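The values are calculated or read from the model by the stated rules, or taken from the named source; none is laboratory data. Values in this document were obtained by computation on a predicted structure and should not be read as measured data. Cβ placement follows ideal geometry from the backbone for every residue including glycine, while neighbour counts extend to all protein chains displayed. Please note that ligands, DNA and RNA were not included when accessible areas were found on the heavy atoms of the full protein model with its side chains. Shrake-Rupley method; radii C 1.70, N 1.55, O 1.52, S 1.80 Å.
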Amino acid sequence: YTPVPWQGRGGGGLAYAEFLLAKVLPFVAAHYPVAKGPAGHALAGCSLGGLLALATALRFPSVFGHAAAWSPSAFWANDHLRHCVQSHARQPVRLWLDAGSREGRELQRSVGDLAAHLAACGWQKHRTAHRATLRHSLVRGGRHDEASWGARGGRLLQFLFPPPPKRPRRQPKQPEAP
């Protein structure tokens with residue numbers, strides 16, 4: 001599935017998103033303890049799956065508050081994801097994008113261009129995960145395969161669902177001297 005057909009291939013992405021919304025999410029909510037609202041829902045995928053995860057989260061930000069894409073095919077349909085960013089109202093969707101240094105130059109370029117476009121549209125990079133809404137990286141030695149994507153999964157989850165910022169500890173009151 002892809003957000004739109006291109007060169008006679010793909011498409012069906014909206015039907016897939018509607019299936020997720022109408023069937024999968026209600027089933028999961030009925031059978032498992034899950035957080036409600038966009039802060040508790042994320043989509044992730046690799047390659048074309050990453051493309052679809054990003055497009056779906058951007059289209060339905062009131063449902064999905066997070067999306068991650070390992071090596072997304074951001075070049076699909078002449079950079080269609082840029083259109084998705086501009087077409088849908090900016091919502092606080094936290095996005096993870098990455099590509100490996102051992103992947104094709106076109107993929108690396110398109111992912112970097114998408115990250116720059118997102119930043120220009122208001123997504124924010126920050127070294128502290130809870131302050132960022134965008135994380136983009138070129139992974140040294142990363143390839144277009146499951147082993148490379150799996151090795152990055154822990155960092156991705158820590159970014160999408162960061163622990164709350166630490167609050168300073170309250171100091172106990174000292175008894176006043178007589």
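Side notes on the structure shown:
- Residue 153 being in contact with a Ser or Thr (Cβ under 6 Å, 6 or more places away or on another chain) and either at pLDDT 95 or above or open to solvent by less than 30 Å² (accessible area, probe 1.4 Å) (or both): no
- Taking segment 8-43 as the range and being within 16 Å of the chain's Cα centre (by Cα) and open to solvent by 60 Å² or more (accessible area, probe 1.4 Å) as the test, only 39 passes.
- The set of residues in segment 114-150 being outside any loop (DSSP other than H, G, I, E, B), open to solvent by 40 Å² or more (accessible area, probe 1.4 Å) and of a type outside the set (A, V, I, L, M, F, W, C) consists of 130, 131, 135, 136, 146, 150.
- Residue tally, condition part of a helix (DSSP H, G or I), free of Cβ contacts under 8 Å to residues at least 40 places away in the same chain and open to solvent by less than 20 Å² (accessible area, probe 1.4 Å), over segment 51-80: 3
- For the condition without any contact (Cβ under 8 Å) to a residue 40 or more places away in the chain and over 28 Å from residue 9 (Cα atoms), residue 132 qualifies.
- Residues in segment 30-50 that are touching a Phe, Trp or Tyr at 6+ places or on another chain (Cβ under 9 Å), assigned to a loop (DSSP other than H, G, I, E, B) and on the phi < 0 side of the Ramachandran plot: 41 alone.
- Residue check for residue 104: in contact (Cβ under 8 Å) with a residue 24 or more places away in the chain and surrounded by 19 or more Cβ atoms within 10 Å (Cβ to Cβ): no
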